[in-house]
Amino acid sequence: MKWTFRWFGHNDPVPLAHVTQIPGLDDVTTSLLDVPAGVAWPAQAIRERKALLAKHGLTWTVVESIPVTEAIKTARPDRDVHLAAWIETMERLAAEGVTTVCYNFMPVFDWWRSTFDRVLDDGSNAMAYDQVDVDRTDVRAGVEQRIAWAQGYSAAEMEEAFAPYDAMDESDLLGNLAYFLEAVTPTAERLGVRLALHPDDPPWPIFGLPRIVGDEASIARILDLTPSPAHGLTFCTGSLGANPDNDLVAMARRFAPRVAFVHARNVRHHGVRSFHEVAHHRAAGDVDLPTVLRVFAEAGVSVPLRPDHGRMIWGETGIQGYGLYDRALGLAYLQGIWEALNVE
Ligand code: DNO
């Protein structure tokens, strides 16, 4: 595995000087959040980010994410312009050695939680999702920025974002994903880039918007759109594991050859469509990360892996899910398992 760690850029309260102190880590997963979606990232800005990481002894090989715009997801007439920019960004990144590209195809929102700081029994806090609370949220009235990806939407912007989906169902969205893949995959193949589609988080429709990357059948259907080795998956154990019906071990086994990137995260279920995030350790939640890693080891999967969402512990504040301490503990735990599996 290539061990990597997400860093959000200059607004990330976690300093790179601390990231570089994590044992066994040499790579950072990052993106250029300041560039508006739909615009090609300037080559110079990419080089600057790479140089900044290099100053701390860190490489940059994974981008998370190049945003897929609403124009692309809803097949607006300007989608080809956005696709050209997306491809140009990928080319410029590949020229600097960034060859794993994480992206998602979730309408309007990226991941969603109903609670950001649920206090757990040990006094730490973590994000949680409860469908009853989500159902009570009048999202069309606008949302504030509580999540790392979010721009925040006003009510008017929200209406505009939702409107195209009134006339779309899952198969339309799947068709737009197929169009996207047809456009970007040949260039990815030529550049030796692996595209890593992130599952929906949570893996079911929210706010009446379609979602199409949530379980074994839907992922198999998407991977079958093209057999290209460039068309891969981000195996996010937390997103997929939020649905207790998903058999992660079976999915890891089946999709191993297509896994391009791993997000290791653990959740604890407490009812239907209700869970909170926990430490990466097996005993802490319902996701069996050691067994998933064993499956990957047996299948010869060697791709970038990062510890995903942790709790906030030891008084740390910052970007929810993305504190330094719990993710670093998670990384150490996962690396220990991997070493004990004796694969490298
Ligand atoms: C959550 C992340 C996601 C992920 C995107 C990929 O913390 O795993 O936001 O970055 O869905 O495009």
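Residues that are more than 20 Å from the chain's Cα centre (by Cα), without any contact (Cβ under 8 Å) to a residue 40 or more places away in the chain and in a helix (DSSP H, G or I) are absent from the stretch 18-40 altogether.
Scanning the stretch 82-119 for residues that are hydroxyl-bearing (Ser, Thr, Tyr) and in contact with a helix residue (DSSP H, G or I) (Cβ under 6 Å, 6 or more places away or on another chain) turns up just one, Ser114.
In the set (1) at negative phi; (2) within 16 Å of the ligand (Cβ to nearest atom); (3) in a loop (DSSP other than H, G, I, E, B), Val108 fails one condition alone, (1). Residues considered: Gln335, Gln320. Of these, the only one that is within 15 Å of the ligand (Cβ to nearest atom) and polar (S, T, N, Q) is Gln320.
Exactly one residue out of Arg113, Arg118, Arg146 is in contact with a Phe, Trp or Tyr (Cβ under 8 Å, 6 or more places away or on another chain) and modelled with pLDDT of 90 or more: that is Arg113. Among the residues of the stretch 67-85, the one identified as within 16 Å of the ligand (Cβ to nearest atom) and open to solvent by 50 Å² or more (accessible area, probe 1.4 Å) is Pro67. Scanning the stretch 272-308 for residues that are acidic (Asp, Glu), within 16 Å of the ligand (Cβ to nearest atom) and more than 20 Å from Gly232 (Cα to Cα) yields one hit, Glu277.
Considering every residue within the stretch 258-265, establish whether at least one is open to solvent by 10 Å² or more (accessible area, probe 1.4 Å), of a type outside the set (A, V, I, L, M) and outside any strand (DSSP E or B). Yes, that holds for at least one residue. Within the stretch 1-13, the residues that satisfy the criterion of being open to solvent by 10 Å² or more (accessible area, probe 1.4 Å), out of contact with any helix residue (DSSP H, G or I) (no Cβ under 7 Å at 6 or more places or on another chain) and touching a residue at least 40 places away in the same chain (Cβ under 8 Å) are Lys2, Arg6, Phe8, Asp12, Pro13. Among the residues of the stretch 183-230, those that are of a type in the set (A, V, I, L, M), part of a helix (DSSP H, G or I) and surrounded by fewer than 22 Cβ atoms within 10 Å (Cβ to Cβ) comprise Ala183, Leu191, Ala217, Ala220, Ile222, Leu223. It is to be established whether one or more residues within the stretch 285-300 are at pLDDT below 95 and within 18 Å of the chain's Cα centre (by Cα). The answer is no, given that none of the residues of the stretch 285-300 is at pLDDT below 95 and within 18 Å of the chain's Cα centre (by Cα). In the stretch 266-305, of all residues being part of a loop (DSSP other than H, G, I, E, B) and of a type in the set (A, V, I, L, M, F, W, C), the one that is surrounded by the fewest Cβ atoms within 10 Å (Cβ to Cβ) corresponds to Val272.
Would you be able to say whether some residue in the stretch 212-235 is within 26 Å of Arg6 (Cβ to Cβ) and in contact with a Pro (Cβ under 6 Å, 6 or more places away or on another chain)? Checked the stretch 212-235: at least one residue is within 26 Å of Arg6 (Cβ to Cβ) and in contact with a Pro (Cβ under 6 Å, 6 or more places away or on another chain).
The values are calculated or read from the model by the stated rules, or taken from the named source; none is laboratory data. Keep in mind that this is a model prediction, so the values were computed, not measured. Note: ideal-geometry Cβ built from the backbone for every residue, glycine included; neighbour counts use all protein chains shown. For accessibility, only protein heavy atoms count, side chains too; no ligands or nucleic acids. Shrake-Rupley method; radii C 1.70, N 1.55, O 1.52, S 1.80 Å.
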